[in-house]
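One structure is given here, and the rest of the page talks about it.
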Amino acid sequence: MVAEESFQLALKKSVDAAVASAIEPFNKKLAEFEQYVPQVTELEKKINDLESCLSAAQEEAKLAINKANDNEQYSRKYNLRFISIEEKKDENCTELIVAFCKEKLGIVVPANTIDRAHRVGKKSEAKTRAILVKFMNYNSKLMVCIQKKLLKDSDFYINEDLTYINMKLFSHARKYASNIKSTWFSDGKLFVCG
């Protein structure tokens, strides 16, 4: 019995020594890793702070883009685009618009109420370029906008001069909104009738 106890004691010491020598490298690695815990915690805090700053910067960027879009649209306040007016060589776009308004809209738009008129887009045989018209004042533009309803069943169109962002918004509203009777822009604002 004494021999058995001494054997068990020797076995226990042997196992304890083997376990201790096997655990020692893990304990060393654990101690190494534990020294990095404060650094990792600090880095996690910095990452969270940076993510918060990034979110705030993204929000500010969205606001700045919206403000820039609003300002750009406002700068186009006196502009209209005339679509499908036949393109001629050596044309005078101001004269074309004056004649178009008289013939198709039944209104007199004096040439001196037009600041600028010119074709926009790349010249192409397949497609007539629009004429971008900048009026001298809002009332001249409004007079044309009121009469453009006369073009409803024709190939001619008169549209607001929209920013790229507003054109995408307008296109999206027309394409994806169901049960909508009509959509239009007026003075840089989108209107949707359901």
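Condition test on Glu103, is it surrounded by 12 or more Cβ atoms within 10 Å (Cβ to Cβ), modelled with pLDDT of 95 or more and among the acidic types (Asp, Glu)? So Glu103 fails the test. Put simply, of Glu91, Glu87 the only residue that is touching a Ser or Thr at 6+ places or on another chain (Cβ under 6 Å) and surrounded by 10 or more Cβ atoms within 10 Å (Cβ to Cβ) is Glu87.
Here the condition is being within 29 Å of Met167 (Cβ to Cβ), at pLDDT 95 or above and assigned to a helix (DSSP H, G or I); of Leu63, Leu80, it holds for Leu63 alone. Name the residues in the range 138-154 that are over 15 Å from Arg76 (Cα atoms), surrounded by 10 or more Cβ atoms within 10 Å (Cβ to Cβ) and not hydrophobic (A, V, I, L, M, F, W, C), would you? If the condition is that a residue be over 15 Å from Arg76 (Cα atoms), surrounded by 10 or more Cβ atoms within 10 Å (Cβ to Cβ) and not hydrophobic (A, V, I, L, M, F, W, C), then Gln147, Lys148 are the ones that fit. The condition (being more than 30 Å from Asp155 (Cβ to Cβ), at pLDDT 95 or above and hydrophobic (A, V, I, L, M, F, W, C)) is satisfied by just one residue among Ala117, Ala68: Ala68. Pairs are defined by a Cβ separation below 9 Å, a sequence spacing of at least 6 or placement on different chains, a first member in the range 6-25 that is touching a residue at least 40 places away in the same chain (Cβ under 8 Å), and a second member that is surrounded by fewer than 10 Cβ atoms within 10 Å (Cβ to Cβ) and polar (S, T, N, Q); no pair meets this definition.
The values are calculated or read from the model by the stated rules, or taken from the named source; none is laboratory data. Remember, predicted model here, so these are calculated numbers, not experimental data. In this analysis, Cβ positions are derived from the backbone assuming ideal geometry, glycine residues included, and neighbour counts consider all displayed protein chains.
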